[in-house]
Amino acid sequence: MSRTLPHSPYPRDRLKPRILHLGFGAFARAHPMVYLHHGLAQTGGDWGVVAARLNSGVEALCALDAERGLYHVAEADGDTTSLHQIGTVIGTSHPARDGAMAVSDLIATPDLSVILLTITEKGYCSHNGTLDLSHPGVQADLAGNNTPCTAIGTLVAGLRQRRTAGHGGLTLLSCDNQPDNGALTRAAVVGFAKEQDPALADWIEAEVRFPSSMVDRIVPAMTPESYDVIKGSLGHADMNAILCEPFRQWVIEDNFVGTPPPFEAGGALLVKDVQPFEDMKLRLLNGAHTTLAWLGPLLSYETVADCMSDTDLPQVLRQLMLAEQASTLTLPEGIDVEHYADALLQRFRNTRLQHKLVQIATDSSQKMPQRLFAPITCNIAADRPWPISALAIAAWILGLRDLAPIADPHQTPLRKAAQQHDPVTAVLTLSGLVPDALRTDAAFISTVNLAFAALAHDPRVAIKQALLEHHA
Ligand code: CS2
């Protein structure tokens, strides 16, 4: 299938299909594959990857096949661009090209040990930490005969085949930005299996491990300019390449069936408890991202780095992180949160990334709960002010009302609610969106309403006012 290339720091012909990566997009190329690449270079081994997607992206997988899985990752900041040729992918799979059961067939193959997931928040088809049985995709997969369309249905179909083939369990490792993503994956997979076959659900609970993980690397969607940068550094085009920031972090719960792939040798941290790392990253980095994604357009900015050149926005983020989010966290041992926040602000200033706000704003209804609603709930309980978080939510509702539509699984009801006479109440009381404790809290709604009115009147003044509130 592949041969050792002069550039590969490990023999590619030894790699076997031991890892399946479901949802193989830009982040997969730039994050877990980079860890595996460096790990294999350190320790060797046979940990090859089959890159799979279920919906869009069959062309991207074919393009990867045409290069025998090889592609480049460019890590860029300031004047520096560092290139790595990644050789971990040994094959690809897509149901539209290879047959409806291609991916689940792979799950049942004896060499397979780990399934990596980057299927985005909505891919888990879950609500409040459990499988959403009213989700149309879940209903279709439960009604259908073995030709799943959701990631969860595909995983369960594959695990059923694996059990029948007698190959034993494996590890399902979520790499999506969700709190307790291991437990979430487990609940969705086991919940789905239970609906079909309780004995299969028992087998999964006994044989499959679901470690949680915190992933961090800023990987913007590729643009013509980023392909040009890569061409400039490489001397030729690579349409499979990815440009990202130099920073990367991966904290993984040490909970694998058998020996884990050499992620640790590639720089990952294996720990007993991921949660403090997850919460810190989701609230500080992702919470700040979501805040910029909606406040930035009100000041006519298009990228994260543009926002960082603003007179007020860097301070808005610092206050959000340190005055509103940090106090809601149990920090991982040894972390200096001011240092962490300042390092994040520095990462956001990376002008080489062209990280579009609209990319971050996508699927906001799936991101708000862990990034903003959960910390607001803690702040309300502790009687602490949360003026920047209120602005962020108000800016989201204003954007839903006034901006061109941005993809979101709840786009239709959200946009309809945002056109109502009182958009804040209409959006925040939609069912299944905001946690009940907030949805029914009149003080929460009126705080966001005030922020909304201020932003709609004059975003600059509203932002300056919110900044002053922490000093009041
Ligand atoms: C971003 C993340 O699009 C988004 O929602 O906040 O993709 C972010 O860039 C990564 O989580 C950084 O690790």
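The values are calculated or read from the model by the stated rules, or taken from the named source; none is laboratory data. Because the structure is predicted, anything quoted here is derived from the model rather than measured. Backbone-built Cβ (ideal geometry, glycine too); neighbour counts: all protein chains shown. The area values use the complete protein model at the heavy-atom level, side chains included, leaving out ligands, DNA and RNA. Shrake-Rupley method; radii C 1.70, N 1.55, O 1.52, S 1.80 Å.
Table for the structure above
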{"item": "Unit charges at the beta carbon, dipole of segment 254-328: most positive-side option, Thr303, Leu322, Pro276", "result": "Pro276"}
{"item": "Volume in Å³ per residue [convex hull over Cα atoms, computed for segment 188-258]", "result": "163 Å³"}
{"item": "Of Thr362, Tyr10, Leu428, farthest towards positive along the dipole that unit charges on Lys, Arg, Asp, Glu beta carbons give the chain", "result": "Tyr10"}
{"item": "Derived scalar couplings ³J(HN,Hα) [segment 314-323; Karplus, 6.51 cos²θ - 1.76 cosθ + 1.60; whole Hz; x for Gly, Pro]", "result": "x, 5, 4, 5, 4, 5, 4, 5, 8, 9"}
{"item": "Segments 200-213, 113-126 sorted - mean Cβ within 10 Å per residue, highest first", "result": "113-126, 200-213"}
{"item": "Cα-based shape type of segment 238-358, given that a ≥ b ≥ c are square roots of the gyration tensor eigenvalues and the cut on a/c is 1.5", "result": "oblate"}
{"item": "Global geometry of segment 101-183, whether rounded, prolate or oblate, following the gyration tensor of its Cα atoms and the 1.5 cut on a/c", "result": "oblate"}
{"item": "Ratio of the Cα radius of gyration of segment 344-446 to 2.2 N^0.38 Å, where N counts its residues", "result": "1.13"}
{"item": "Distance histogram for the chain (every C-alpha pair counted, 10 angstrom bins, percent rounded to whole numbers)", "result": "4, 20, 30, 27, 16, 4, 0"}
{"item": "Accessible area of segment 6-101 divided out per residue, in Å², using a probe of 1.4 angstrom", "result": "37 Å²"}
{"item": "Efficiency of FRET between His421 and Arg384 - r from beta-carbon atoms, R0 22 angstrom, step 0.05", "result": "0.10"}
{"item": "Base-10 log of normalised Debye intensity for segment 13-156 (one unit scatterer per alpha-carbon) at q = 0.08, 0.12, 0.18, 0.19 Å⁻¹", "result": "-0.25, -0.53, -1.05, -1.14"}
{"item": "Largest to smallest principal axis extent of the C-alpha atoms in segment 35-119, angstrom", "result": "46, 30, 23"}
{"item": "Using a Förster distance of 22 Å, the FRET efficiency for Ser56-Tyr227 (Cβ separation, nearest 0.05)", "result": "0.70"}
{"item": "Per residue accessible area of segment 280-409, 1.4 Å probe, in Å²", "result": "34 Å²"}
{"item": "Shape call, segment 116-235: gyration tensor on alpha carbons, a/c limit 1.5", "result": "prolate"}
{"item": "Extreme residue, positive dipole direction of the chain, given options Ala442, Gln139, Ser213 (C-beta unit charges)", "result": "Gln139"}
{"item": "Relative packing of peptides 449-462, 287-300, 241-254 - highest average C-beta neighbours within 10 Å first", "result": "287-300, 241-254, 449-462"}
{"item": "Projected label distance in nm at Leu403 and Gln139, using a 7 Å step from Cα toward the beta-carbon", "result": "3.1 nm"}
{"item": "Electrostatic dipole magnitude of the chain [Cβ: Lys, Arg +1; Asp, Glu -1; Cα centre; debye, to 20]", "result": "660 debye"}
{"item": "Above-threshold pairs, the threshold being 27 Å between Cα atoms, out of Lys231/Lys367; Lys16/Lys367; Lys122/Lys416; Lys194/Lys281; Lys122/Lys356", "result": "Lys231/Lys367; Lys16/Lys367; Lys194/Lys281"}
{"item": "Over the chain: helical MRE at 222 nm, DSSP H runs n ≥ 4 each giving -39500 (n - 2.57), nearest 500", "result": "-13000 deg cm²/dmol"}
{"item": "Portion, in percent, of the accessible area of segment 152-264 that falls on carbon or sulfur, probe 1.4 Å", "result": "47 percent"}
{"item": "Cα→Cβ-extended label distance, 7 Å offset, between Ala66 and His471, nm", "result": "5.7 nm"}
{"item": "Only Lys, Arg (+1) and Asp, Glu (-1) charged, at Cβ; segment 1-90 dipole about Cα centre in debye", "result": "420 debye"}
{"item": "Gain on full stretching of the segment that runs from Thr330 to Ala305 - 0.36 nm per residue minus C-alpha separation", "result": "6.1 nm"}
{"item": "Förster radius 22 Å - calculated FRET efficiency between Thr412 and Arg439, Cβ distance, rounded to 0.05", "result": "0.70"}
{"item": "Share of carbon and sulfur in the accessible heavy-atom surface of segment 57-113 [1.4 Å probe, %]", "result": "51 percent"}
{"item": "Check: segment 88-218 dipole with +1 on Lys, Arg Cβ and -1 on Asp, Glu Cβ, in debye", "result": "140 debye"}
